[in-house]
Amino acid sequence: MRAPPFEPFGLLHLVTVAIVLAVIAAVVAWGRRASIDDARKLGRALGATLVVYYVVESVVRVTMLGVPPVLLLPMELCSALFFIGAYALYTGNALALEVLFFWAFAGTIHALITPTPGEGFPSLEYVRYFVCHGLLVLVATYAVLALDLALSWKSVLRALLALQLWELLVAAVDLALDQNFMYLRHPPPSPTLIDSLGPWPVYLVSLELVGTVSFFLWLGVALAVRRLLPARPLASPAVA
C-alpha cells in the first residue's frame, strides 16, 4: 500500500520535528555535561556515523527507492555536509567546522521546516528524509554547543567563500554529467520556496543574497548562545 502524501505543517510533520529536536537536545546536553575530551570522542563517533549512514542510505535509495546511482554523488549541499561534517568532527579542523555550522543552519535546517519528502509516514522515504537532515542539524549544533566552536564574522566570510568554490565545482559536474545538482541549471520540479525567488537564473542571485543574510543571522544566534553558555575552562581551540 502506498503511503499517504506528505502534509507540510500537519500534526505528523510537527511531531516528527519535535522528535528530531528532542534527540538533538539530548545528545548536545550530554556533550555539554561531559568533559571536553569525552565530548570530542562522541564528536568523532558522530563523524564516523555520518559516513556510515551515507553509505547505507545510498544502498537503500538505489535498491529500494529506485534512485539513479549518479544522484548519489555528494554534490548537493546536504550530501556534501556528510563528508565535510565527518572530517570536521573527526579532526576538529576549524574551517570545516565553520562550513558545517553555516551550511547546515542556512540550508539544511530549511529541509526540516519546509520539507519535501516524496511520501508521508510511514514510508521509507519519509523516515530517510527526516533522519538524514536531522542528523546534519544535530552535528552542526553539537559543534557549537558541545565542542565550543568559536565563531566570528571572519568565520562567515570563510564559509561563504567555501560555498562559492563549491558551487563552481558543482556547476562543472552538472555540465559534465548533464545533471541539476543544487538546481544550478533549472528550478526543482516540485513547488519549493525557490519558486518565490524568481525564474532561472534570477533565483540563483536571490539564493546567494538570502544565504549571505542567513549566515550573518546564524552568527548572531551563535554569539548570543555563547554568551549564555560560555566555553568551558578546559576547552582548547579547534585545530586550524
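The values are calculated or read from the model by the stated rules, or taken from the named source; none is laboratory data. Just so we're clear, the structure is a prediction, and the values are computed from it rather than from any experiment. Counting neighbours? That spans all protein chains shown, and the Cβs are built from the backbone with ideal geometry, glycine included. Protein only, heavy atoms only, side chains kept; ligands, DNA and RNA dropped before computing areas. Shrake-Rupley method; radii C 1.70, N 1.55, O 1.52, S 1.80 Å.
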For region 3-110, just say rounded, prolate or oblate: build the C-alpha gyration tensor, square-root its eigenvalues into a ≥ b ≥ c, call rounded for a/c under 1.5, and beyond that prolate if a/b exceeds b/c, oblate if not. oblate
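So how strong a dipole does region 26-130 carry about its Cα centre when Lys and Arg Cβ are +1 and Asp and Glu Cβ are -1, to the nearest 20 debye?
Once rounded to the nearest 20, the dipole reads 300 debye.
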Using a simple spin-label model with points 7 Å from Cα along the Cα→Cβ vector, what separation in nm is obtained for ILE113 and LEU12? 2.4 nm
Multiplying the sequence separation of LEU72 and ALA26 by 0.36 nm and subtracting their Cα-Cα distance, what value in nm do you get? 13.5 nm
Note down the nm distance, to one decimal, between modelled labels 7 Å out along Cα→Cβ at VAL127 and at ARG44. 3.1 nm
For helix 124-145, report the angle its Cα long axis makes with the longest principal axis of the Cα atoms of the chain; keep it between 0 and 90° and round to the nearest 10°. 30 degrees
Pairwise FRET efficiency - ARG227 versus LEU175, Cβ, R0 = 35 Å, nearest 0.05: 0.15
Counting only protein heavy atoms and using a 1.4 Å probe, what share of the accessible area of the chain belongs to carbon plus sulfur, as a whole percent? 74 percent
Helix 77-91 sits off the longest principal axis of the Cα atoms of the chain, rounded to the nearest 10 on a 0 to 90 degree scale, by 20 degrees
Please state the charge dipole magnitude for region 148-214, taken about the Cα centre, from unit charges on C-beta atoms (+1 on K and R, -1 on D and E), reported in debye and rounded to the nearest 20. 160 debye
Direction-averaged shadow area of the convex hull around the Cα atoms of the chain, nm²? 13.2 nm²
The relative contact order of region 107-211, taking Cα pairs under 8 Å that sit 6 or more residues apart, comes to a percentage of 15 percent
In whole Hz, with x marking every Gly and Pro, tabulate ³J(HN,Hα) for region 101-116 from phi via Karplus 6.51 cos²θ - 1.76 cosθ + 1.60, θ = phi - 60°. 5, 6, 5, 5, 7, 8, x, 4, 4, 5, 5, 7, 6, 10, x, 9
Using alpha carbons only, how many degrees (0 to 90, rounded to 10) separate the axis of helix 202-228 from the longest principal axis of the chain? 30 degrees
